[in-house]
Structure formats: structure tokens, C-alpha cells
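What follows is a set of notes on a single structure, which appears directly below.
The values are calculated or read from the model by the stated rules, or taken from the named source; none is laboratory data. Keep in mind that what you see is a predicted model, and the values were worked out from it rather than measured. Neighbour counts are summed over all protein chains in view; Cβ atoms, including those assigned to glycine, are modelled from backbone coordinates with ideal geometry.
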Amino acid sequence: MRALLLSVFIYPAFAFQLAAAPFLRAQTNPEADTVCQTPQAYATYVYTNNGTSVVLSYNGTITFTDDERDIKSISPGGFLKYSKTTFGNKREICIQSGSNGALSRKYFVGRSEEPYVPAGHQWLQETLPEIIATTGIGAEDRVRRIYNKSGLNGVLAAINAIENERVQGIYFNYLVGLPALKENDLKVVINQVNRQISSDYEKGKLLRQVAPRYLQNDKINQEYLTAINNMSSDYEKGKLLSFILQNEKISPANFSRVLPAVTHIASDYEQAKVLKQIVVNQTLPPPAQKEVIVVLRTVSSDYEKNRVLTTLMANPQYVSVNFHELVGTINTMSTDYEKARALSALVTKCKLTPQNFLQVLPVVSTINSSYEKSRTLQKMKPALPMDNAQVRAAYVKTAKTITSDYEFRKAIDGLE
């Protein structure tokens with residue numbers, strides 16, 4: 001029974017709880033030929049190979065004895081049912097919990113019930129280790145029990161003995177969520193998750209279970225970042241970085257350490273999405289604001305860059321405090337249309353000082369398109385401080401870089 005978890009049948013009401021189970025497929029109810037009648041199962045595991053068929057179904061919270069050779073308890077109303085058929089010869093065990101939690105145990109050979117002791121009990125002892133290793137049943141209690149008795153190394157040894165990555169993920173999930181887990185142990189766990197879990201989806205799901213308070217620890221934070229950077233999925237990488245960077249309790253030092261990881265996201269869309277989620281945070285301190293704007297320059301797509309800038313410019317305080325960095329980021333745009341769009345938004349949505357205009361106009365002059373340059377200047381013109389000779393001169397100087405006479409006249413009209 002080396003590969004018990006070959007097929008998993010999940011009844012609709014519980015489908016979300018085992019959505020990651022492999023080899024999910026619809027077919028006739030595998031429990032149709034069962035001898036022991038039980039309520040609807042939470043999940044049913046099926047394995048068939050070379051004339052052997054195994055069916056395991058259960059419901060409720062199940063715990064094992066310390067030696068892991070018997071069922072210790074099942075939550076009231078729950079059950080565990082296990083059957084194995086080899087070339088037509090069938091055996092089945094059914095353990096049910098009453099309303100008071102008392103267990104009733106039955107053992108069947110073919111369709112006939114036999115005494116549970118000794119044959120049924122012995123058979124359960126033989127099969128239970130493989131059931132534990134391949135299904136994740138009882139994992140929560142098992143992780144807690146092993147951690148209390150043998151510490152982190154004991155739990156990791158138990159996880160290493162599990163071949164199925166999905167089941168490993170179940171164990172890691174309960175391990176990360178242990179209230180008694182020490183910070184040094186969590187650092188080791190994150191490292192182990194990084195090395196053992198190949199699925200970015202499963203890895204991301206586990207890392208998001210780490211309580212934000214732990215990420216204040218520099219060593220844990222570094223392991224966390226290493227795990228993120230090793231992921232190939234930009235989507236999962238972005239979700240994790242957003243999870244950290246939007247945490248209000250993150251220290252300025254850790255924010256500065258984590259933010260550059262955004263540049264390791266290959267997708268401009270995912271990069272911009274993370275940065276946009278950060279800048280909507282109204283409590284983001286000014287130093288962090290500046291760092292975000294500078295990192296935004298690494299986004300290759302001017303369109304995606306503009307999406308973040310538009311969000312940022314909706315907050316006048318961000319603009320006034322970070323004006324120099326903002327203009328510098330706009331200046332990194334190579335697309336005339338996007339650069340003009342960003343500058344137009346800046347001069348129409350924000351109240352600029354004369355000094356601000358003197359910073360913006362040289363950037364306008366870098367627009368190659370006469371149409372886009374003229375259009376930007378025309379939007380700027382109504383807000384110009386007409387009584388400031390230096391600003392007027394800078395405006396005219398920028399307008400003179402327009403090569404089209406028609407567009408030049410539209411930009412300069414009313415100033416001379």
C-alpha cells in the first residue's frame with residue numbers, strides 16, 4: 001500500500017478543504033460496496049493496483065495513540081472506515097464515534113462481521129503507519145504531540161518520512177501554526193519549506209501562515225526572503241511580498257530590506273500590482289514612500305509604471321513630500337505618450353509651486369513627440385504662476401523645443 005493516496009473523492013460540501021488533492025476524478029461512489037454504513041464522508045481516498053483495491057473514508061477530528069498503532073479518539077459523530085480488497089477477498093474496519101465520543105469498532109471479512117479483537121486490531125496496527133503517512137489524517141494532533149515530546153527535529157523527521165508533498169504541506173501548516181513554536185525553530189521550518197515544497201502555490205500558502213510578528217526577527221525575515229526569491233511564480237511571489245510589505249507592524253529596517261525583492265519579479269504587471277498595493281496605505285511613512293517611488297523605476301513597462309504613479313498622485317501629501325523622486329521616476333519613461341500622461345496628471349491634479357514647475361519643465365522637454373509635448377504644456381499653462389519671470393522663461397524655452405510650428409503656436413498662445 002505504498003501509494004495509498006492515488007485518488008481522492010471529495011464530496012461537494014467539503015471540496016474547498018482538499019482542493020489541492022492530486023488525481024481528483026469523478027466516478028461512481030467508491031463506498032457503494034461497503035459493509036459498514038456511515039454518514040457522509042469528509043473525504044474518501046482510493047488506491048487500486050494489480051488486483052488490489054483500497055478505500056479509506058473519514059469524517060471528524062481523529063487522533064492516534066502515542067505509539068501510533070491505534071485510534072485514540074474521534075470527535076463525536078465522526079468515523080474512520082478502511083477496506084482492502086485483493087483478488088475478490090475483502091476486509092474492512094469501521095470505527096465510529098458516538099454522541100459522547102465513545103468509539104465502536106467493527107471488523108468485516110467479506111460481508112460477515114468478525115470479532116474485532118484480535119484480527120481486526122492487528123490489521124489496523126499493520127496499516128495505520130501507511131494511512132498516517134499518506135493521508136494527513138490526524139496531522140494536527142500528531143504535530144503537536146511529536147513537537148511536545150521530541151521538539152522540532154522530531155516533527156521534521158516525521159515530515160521527511162512522508163513522500164507526498166501535499167501531505168507534507170498539511171504537516172508544515174500545522175507546525176507553523178503551533179502557538180508554542182519558538183522563533184529559532186520557525187527559521188528552520190521556513191528553510192525546510194523552501195527546500196522540500198516544490199509547488200509555489202503550496203509554498204506561498206504555507207509562508208502566508210507565518211504570523212507577521214515573527215517577521216520582525218531579522219533572521220526569520222532573511223529566510224522568508226530567500227524562500228520568496230527561490231519561487232518561479234511571479235504571482236505567488238507578489239502575493240507574499242504584499243503580505244509582508246502591507247503589514248503595519250513591519251519595521252522601517254525590514255521594509256527597506258524586503259522592498260528590493262520586488263525587483264526580482266519578472267512580470268511588470270505583478271511588480272506594479274505589489275507597489276500599487278503598498279502606496280494605497282495612507283500610513284506609509286515618508287522614507288518608505290521615497291523607497292517605493294525609486295523601486296518603481298525598475299518597472300520596464302511605462303504603462304504599468306503609470307498605473308502606480310496615478311495611484312500615488314491621488315494623495316497630495318505623497319506628492320508634496322516626494323516631488324523630486326516622483327519627477328525623477330517620470331523622467332525614466334521612454335514612451336512619449338505615457339510620459340506626457342504622467343506629467344499632465346501631475347500638473348492638473350496637484351498644486352505646484354514655482355520651484356516644482358522649474359523641476360517639471362526640463363522633463364517635458366525630453367518628450368520627442370511635438371503633439372504630446374504641446375499637449376502637456378497646454379495643460380500646464382492655466383496653472384502657471386504668470387508673475388514669475390523665471391517660470392515663464394523656462395516654459396517658453398521648453399516650448400521652443402517643439403519642432404512643429406503648429407504645435408508650438410498652440411503651446412505658446414497667450415504667453416507672448
Give me a count of the residues in the range 300-318 that are among the acidic types (Asp, Glu) and farther than 18 Å from THR263 by Cβ.
0
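Within the range 285-304, which residues are in a helix (DSSP H, G or I), under 24 Å from ASN254 (Cα atoms) and within 24 Å of the chain's Cα centre (by Cα)?
ALA288, GLN289, GLU291, VAL292, ILE293, VAL295, LEU296
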Can you find even one residue in the range 347-354 that is within 42 Å of the chain's Cα centre (by Cα), crowded, with 18+ Cβ neighbours inside 10 Å and assigned to a helix (DSSP H, G or I)?
yes
So in the range 280-294, with the set limited to residues that are of a type in the set (Val, Ile, Thr) and surrounded by fewer than 19 Cβ atoms within 10 Å (Cβ to Cβ), which one is nearest to HIS324 (Cα to Cα)?
VAL294
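Working carefully through the options SER104, SER99, SER112, SER83, find the one that is under 30 Å from PRO179 (Cα atoms) and not aromatic (Phe, Trp, Tyr).
That would be SER99, the only listed residue that is under 30 Å from PRO179 (Cα atoms) and not aromatic (Phe, Trp, Tyr).
Each row is one residue, and each column tells you yes or no for (1) outside the structural domain of LEU245 (by TED's automatic domain parsing); (2) within 22 Å of PHE243 (Cβ to Cβ); (3) touching a Lys or Arg at 6+ places or on another chain (Cβ under 6 Å); (4) modelled with pLDDT under 95.
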site: LEU156; (1), (2), (3), (4): no, no, no, no
site: ASN160; (1), (2), (3), (4): no, no, no, yes
site: GLU163; (1), (2), (3), (4): no, no, no, yes
site: PRO179; (1), (2), (3), (4): no, yes, no, yes
site: LEU186; (1), (2), (3), (4): no, yes, no, yes
site: ASN194; (1), (2), (3), (4): no, yes, no, yes
site: LYS205; (1), (2), (3), (4): no, yes, no, yes
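Restricting to helices (runs of 4 or more DSSP H) lying wholly in the range 162-241: which have 2 or more residues that are over 19 Å from VAL262 (Cα atoms) and of a type in the set (S, T, N, Q)?
Helices (runs of 4 or more DSSP H) meeting the threshold: 165-176, 183-196.
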Those residues of the range 69-89 which are under 17 Å from ASN50 (Cα atoms) and in contact (Cβ under 8 Å) with a residue 24 or more places away in the chain amount to SER83, LYS84, THR85, THR86, PHE87
If LYS339 satisfies every condition in (1) within 22 Å of VAL280 (Cβ to Cβ); (2) within 33 Å of the chain's Cα centre (by Cα); (3) part of a helix (DSSP H, G or I); (4) of a type outside the set (Val, Ile, Thr) but one, which is the exception?
(1)
Looking at (1) under 30 Å from PRO287 (Cα atoms); (2) of a type outside the set (Gly, Ala, Ser); (3) modelled with pLDDT under 95, which is the one condition that is false for LEU361?
(3)
Within the range 242-281, the residues that are outside any helix (DSSP H, G or I) and within 18 Å of ASP218 (Cα to Cα) are GLN246, ASN247, GLU248, LYS249, ILE250, SER251
Only one of these is touching a residue at least 40 places away in the same chain (Cβ under 8 Å) and charged (D, E, K, R): GLU114, GLU126, GLU130. Name it.
GLU130
Of the residues that sit in the range 202-250 and are farther than 14 Å from LYS187 by Cα and among the hydroxyl-bearing types (Ser, Thr, Tyr), which one is surrounded by the fewest Cβ atoms within 10 Å (Cβ to Cβ)?
SER232
